[in-house]
Amino acid sequence: MVGIIESISSFASTEPAAFAFIISIIGVAIIAGVVNVGAMLVIWAERKVLGDFAARYGPNRVGGRWGVLQLGADAIKLFTKEDTIPYSADKAVYVWAPIVASMATMLVAAAIPFGALHINGRNYPLVVANMDISALYVEAALSIMAIGVFMAGYSSNNKYSMLGAFRGIARMIAYEVPMGVCVISVAIMAHSLNLVEIAEGQTLWYIFAQPLGFLIFFIALITDLGRIPFDQSEAEEEIISGYNTEYSGIRWGLLYFQEYNNMLLGSILLTVLFLGGWQGPIIPIPVLDIVSPLIWLLLKVIIVMWSLVWVRSALLRLRIDQVTDLGWKWMLPLSIVNLLWAVAIGSYFA
Amino acid sequence: MTTANEVLSSIQSALPGAVLDSRVESERRLWATIDPRKIVDVCKYMRDKLSFDHYSGTAGLDWIAKNEMEVVEIMASHGAHQVVAMLKVRTPRENPSVKSLTGLFWNANWYEREAWEMLGIKFEGHPGLYPLLLPDELVGSWPWRKDFKGYPDLTTGQRAVEIPTSDGYTRYMIPPTTMEIEAGTVPTERPKYPSLREREEMELKSDSEMIMHMGPQHAMVPGPFLLDVLVEGETVKKAFLDLGYIHKGIEKIMENRTWLQGITYTDRMCYVASLSNNECYCGAVEKILGLEVPERAQYIRVILEELSRIQSHLIGTGEFLTLIAGVGYAPWQYMIIDRERIISLIESVTGARLTHTFVRFGGVRNDLPEGFSEKCRSTLKYMESEINEFIELFEQDPIYHLRMDNVGIITPDDAKRMGVSGPPLRATGVAYDIRKEDPILLYPDLDFKVAVGTRGDCADRIDVRLKEMLESIHIIEQCLDRIPAGPIKTEAKIPKKIPAGEAYYRVEDPRGEMGMYVVSDGGDKPYRVKVRGPFYATFQTLPPLLEGVFIADVVAIAGSMDGCPSEADR
C-alpha cells in the first residue's frame, strides 16, 4: 500500500502534466457517476414530493412502500425498449442529439464544485477542473444544451418537434443573457470568476447582498431547465412532447436524464453563487467534521430542488410570447439594474 | 309574456297559408306544420319579429309508412319569451329535399349536415354538405332511415340479409362469402365532395404554413375528435373540426330498444352528466304520457342532478387546468379528490359511480338511504369552503390571469347567434339558464341566482362554473330542508306501449342546454329520439374562435368549453 502511494507521488513529481491529466480523467468518471446516480435520486424524489403536494403517494409499489426501486425498473424498461428512428429523420443528427445534450451536461459538471472536504481546518474543494474562469465556462457550457435540444427537434422531421425546438431556442436566447449578467454581478462582488472562490468568499450570502439578482437567476434557471412555468419546448398538451416527441428507448432516456442532471447541477450552481456554497458551521464530531461542508451543500441543494418542484405543482405554463416578453422586457433590464447595484456596492465586499 | 297561441296567430296573420297544421300543446310549446316553400320566410319572420333568436337544432324523421320525410326545426328565444316552436316540414321520401336555414341561423350548419348524412335529406342552399359524423366511405347508406339494414361490406359491396331469431327480433347480418373479389369491381356510388384533407390543403397559401393535428390523438383532447390547425409559426390561421370518432349511434340504438331500456343508453351519451341525460329522456316520455311526478321524487331528482352538476364542473375545470399547467398541477388533484366525495354521495343513492340509470318514468328508482341528509350537508359545507378557496386561488394567481384573461372572447351577440349555451354563454353576460327559462320539476319554487360573467373569456367561463357550484350547493340545501315524505314513484301504471305522441323536453345540463325530441308511434319502442346535446352546439363555434390565436391558446379555448366529444358524437 505504502509502495503504491510512494510510486504515485514520485510519478506526480516527475510528470506533473501527465498526472493532472490522469486525475482529471478519474475525476470526470467519478463525477459522471455521481451526477447520473444523483439524477436518478432526483427523479424519484421529484415524483415523491410532487405526489405529496397533490395529496398522492407517488411511487409506492416497486421496492417497498417508498418505491425506491421504481427508477431501476424504469431504467431497465428504457434500456430494453425498441429504439425507433423515424424513416424521414436526419439520422446522424438524430442519433447525436441526445449525446450532445448529455455531453453538455458533463462539461458543466466538470467545472462545478460538488462541495468540499474539511481536513485539518482547511477546505479542499471537490471539483474536477478548478479553472480561474469556471463561472464563465459553466455559463457557456449550459448554452450548449440548447444545441442538443435544437438538434433533436430539427432532425426528427416532425411538426411538434420543430415547434418545440423553435420555442426552446427562443426561450434560451431570452434568458441566457440575464442569467449571464447575474453571474457577472456575482463575480464583480466576489472579485473572481472562480466558482470555488465565489463560494468561499461569501461573507454575506449573495442572496442577501443582491436579492434581485437571486430572483432573476432563479427564474432564468427554471427557464434553462425547461420546467413549468417555462416548459414550452415540451408542452405536452400543446405539442405532444415537443423536441423529444419522436425519441424512444434509451435515446429518450438520455434526453430525459439530461433534464434532471441539469436540475441537479443548476441547483448546485445556484447554491454556490447565491447561498454561500458549502459554508456552514463545522459539526464537531470526528468523521462528520470532514464531510460537514458536503452536508451543508446537500441541504441547501435539497431546499432549492424542493422549491423547484413546488413551483411546478403550483403554477400554470406561460405562453411562449409571454415568456420572451418577460425575458426581454423585464428580466434583462432588471438584471442590468442588479449589475449596477453590484458594481456600486461591490467594493465593500473586497 | 308571449304565449304559444299569440305566436301562432301572429305567424298566421303575417304569412297567410304558411301554417298547414298546428297544435298548441301548452303555453310554452307550439307545434306547427309549415309549407315547405315558406319555411325560410316563416323562420325569418319569427327570428326578426318574434325574437326566436335561439335555434336549437334540426331533427329528421323517416315516416316510412306515409312515404315521407319530416324535418323538425326547433326554435326558442334567449329570454324574450318562453315559447319553444317546433316547425315541421314534410318532403317526399324519394329525393327528400328541404330549404336550408343556414342563411338565417349560423349554427344550422352542423345540424343539417347530420340530418343529411344520416337520413339523406338534402338541404338546398347549404354551403357545404360534407359528412360530419360518418366516415366518407359510409355516406350514401343513410343509416337512420327505417329501412336501413346495415352497412354494405366495403370490400364485397354485399348487403345484409334478415336472420330470424327465437326472441322475436330481427337481426341483420352480412352472409359469409367465398367469392373472390377483384379490386375496383365493387360499385361505389357515393356523392361527390372533397375530403377533409383536400379541403384543408386548399387553404394552404404559402410554404411557411403547415397543417398540424391536435386530435384525435393528442394530449389536449378530452375525447377523440379531429382538430387540424393551419399554423404559420405559432399563429393559427384556420381550424378544421371533424367528429364521429366515437359515434355510437345511440339515437338509432334507442329506436331498437324498449322505452325503459333506453334510459341506460342516455347514461352513455356523456357519463359525466348522466343524471341530466336520464332526466331529459324520462321527462320527455313523462310528457307524452302526461304523468305527474310525486313531490318527493322531484326533490330527489333535483338533489342528485345538482350534485351531478357540481362533480361535472369540478372535473371540467380541473381537466382544463391540467391542459394549461400540466398534470403536475396540484389544484387539479384537489378537485378530483373533492369530486370523489360527491361521487360517493351519489353512489350511496344510485349504486353507481357514473352511469346511474336512476331516473324512471314518473319517479326515481329508489329512495334516499338513511342518514343521507346529514352526510350530504356535511359534504356540501366542506365543498363550499373548498370552492371558495379555489376562487381565491385563481384570483390571486398572476399567471392564471396572464393565460386566461381576454383569451377566447365571445361577444354576447356572437354567442347567441352561434347557439352557444351553458357556462360559455353565461360567461358572456347573457343570463340564459333553462332552469329559469323553461323550468322543470320544482325549479320555479327554488331560490337561486344565475351566475354570469362579464367579458366572455376563459377566466369568466371558469368563474361561472365555480359560482354555479356554489348556487347548486344552495339549491341542494333548500331541497334537503323541504323534502317531504311520500311515494317516490307515480301511482299510475306505466304502459309497456307508450301512446302515440311527441314531446320536446329541455334540461340544463352542466354543459348547457340539452333537449330531447321523442316521438312515439304507439309501439313498445321509441319511433325516434333526437338529442340536442349542449356540447355539439358549443363545439361548432370552435373553428371561428381559434382563428388568429396562438397554439397555446387553442388548448386554453378548447379546454375552457368543458368538452365532451362523447356527447357530441352520441
(request) Could you list the GluC sites (Glu not before Pro) in region B:457-551 that lie in coil according to DSSP, counting only those with at most 16 other Cβ atoms within 10 Å of their Cβ? (result) B:E491, B:E547
(request) Read phi for every residue in region B:195-202 and hand back ³J(HN,Hα) as whole Hz from Karplus 6.51 cos²θ - 1.76 cosθ + 1.60, θ = phi - 60°, with x for Gly and Pro. (result) 6, 4, 4, 5, 5, 5, 5, 5
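Sorting A:V37, B:V519, A:V177 on the 10 Å Cβ count, fewest up front, what's the list?
Sorted ascending by nearby Cβ count, the order is A:V37, A:V177, B:V519.
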(message) Considering only C-alpha atoms, what is the centroid distance from region B:1-37 to region A:1-71, in Å?
(response) 83 Å
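R0 = 30 Å: FRET efficiency of B:K375 with B:A500, Cβ-based, nearest 0.05?
Numbers: r = 44 Å, r/R0 = 1.47.
The calculated FRET efficiency here is 0.10.
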(request) Compute the Cα gyration tensor for chain B, then decide on rounded, prolate or oblate, letting a ≥ b ≥ c be the square roots of its eigenvalues: rounded whenever a/c is under 1.5, prolate when a/b is larger than b/c in the other cases, and oblate in all that remain. (result) rounded
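Is it possible to state the helix-based mean residue ellipticity at 222 nm for the protein assembly as shown, with each DSSP H run of 4+ residues giving -39500 (n - 2.57), the sum divided by total residues, to the nearest 500 deg cm²/dmol? What is it?
On the way: 33 runs with 462 residues, N = 920.
Helix contribution divided over all residues of the protein assembly as shown: -16000 deg cm²/dmol.
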(request) Return the distance in nm (one decimal) between the two label points of a simple spin-label model at B:R199 and A:S9, each offset 7 Å from Cα along Cα→Cβ. (result) 8.5 nm
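List the trypsin sites (Lys or Arg not before Pro) within region B:445-514 that DSSP assigns to loop and that have no more than 10 neighbouring Cβ atoms inside 10 Å. Spell out each step's value before the answer.
Values: sites: B:K449, B:R455, B:R461, B:R465, B:K467, B:R482, B:K489, B:K493, B:K496, B:K497, B:R506, B:R511; in loops: B:K449, B:R455, B:K493, B:K496, B:K497, B:R511.
Answer in residue order: B:K493, B:K496.
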(request) Excluding residues fewer than 8 places away in the same chain, name every one of the lysines whose C-alpha is closer than 21 Å to that of A:K300. (result) A:K48
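Please find the FRET efficiency linking B:E395 to A:L340, where r is the Cβ-Cβ separation and R0 is fixed at 30 Å, and quote it to the nearest 0.05.
On the way: r = 36 Å, r/R0 = 1.19.
Rounded to the nearest 0.05, the efficiency is 0.25.
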(request) Show which lysines lie in cross-link reach of B:K238 when reach means a straight Cα distance below 17 angstrom and same-chain residues fewer than eight apart are skipped. (result) A:K159, B:K205
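Among rounded, prolate and oblate, which fits region B:196-242 when a ≥ b ≥ c are the square roots of the eigenvalues of its C-alpha gyration tensor, a/c under 1.5 means rounded, and a/b larger than b/c means prolate? Let's see the in-between values first.
Working: a/c = 2.91, a/b = 1.59, b/c = 1.84.
Oblate, because a/c is 1.5 or more while a/b does not exceed b/c.
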(request) Please give the net charge around A:L326, taking every other residue with its beta carbon less than 11 angstrom from that of A:L326, where Lys and Arg add +1 and Asp and Glu add -1. (result) +1
(message) Taking 41 Å as R0, compute the FRET efficiency from the Cβ-Cβ separation of B:A485 and B:T3 and round it to 0.05.
(response) 0.65
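Quick one: net charge of B:I387's neighbours, Cβ under 9 Å, K/R +1, D/E -1?
Numbers: positive: B:K467; negative: B:D338, B:E384, B:E386, B:E389.
With Lys, Arg at +1 and Asp, Glu at -1, the net is -3.
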(request) Please go through the residue pairs B:K99/B:K467; B:K88/B:K237; B:K44/B:K436; B:K146/B:K436; B:K38/B:K525 and name each one whose alpha carbons sit more than 30 Å apart in this structure. (result) B:K99/B:K467; B:K88/B:K237; B:K146/B:K436; B:K38/B:K525
(request) Taking 7 Å along the Cα-to-C-beta vector as the label spot, tell me the B:D136-A:I302 distance in nanometres, rounded to one decimal. (result) 6.1 nm
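Taking each residue in A:152-162, count the Cβ atoms of any other chain within 10 Å of its Cβ, then average. What number comes out? Mind dumping the intermediate values first?
Working: counts 0, 0, 0, 0, 0, 0, 0, 5, 5, 0, 2.
If you average over the peptide's residues, the count of other-chain Cβ atoms is 1.
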(message) Can you work out the Karplus-derived ³J(HN,Hα) for every residue in region B:96-112? Use 6.51 cos²θ - 1.76 cosθ + 1.60 with θ = phi - 60°, whole Hz, and x for glycine or proline.
(response) x, 7, 10, 7, 7, 9, 4, x, 9, 10, 4, 7, 5, 3, 5, 5, 6
(request) Mind checking the full-extension length gain between B:N366 and B:W106? Use 0.36 nm per residue of separation minus the Cα-Cα distance, one decimal, nm. (result) 89.2 nm
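I'd like the GluC sites (Glu not before Pro) in region B:339-379 restricted to DSSP loop residues with at most 10 other Cβ atoms within 10 Å, sorted by number. Don't skip to the answer; put the middle values down first.
Numbers: sites: B:E340, B:E347, B:E370, B:E374; in loops: B:E370.
Loop-located and lightly packed - B:E370.
Every number here is computed from the coordinates shown, using simple stated rules; none is lab data. What you are looking at is a predicted structure, and each value in this text was computed from that prediction instead of being measured. A quick note on method: Cβ atoms are made from the backbone with ideal geometry, for glycine too, and the neighbour counts reach across all protein chains shown.
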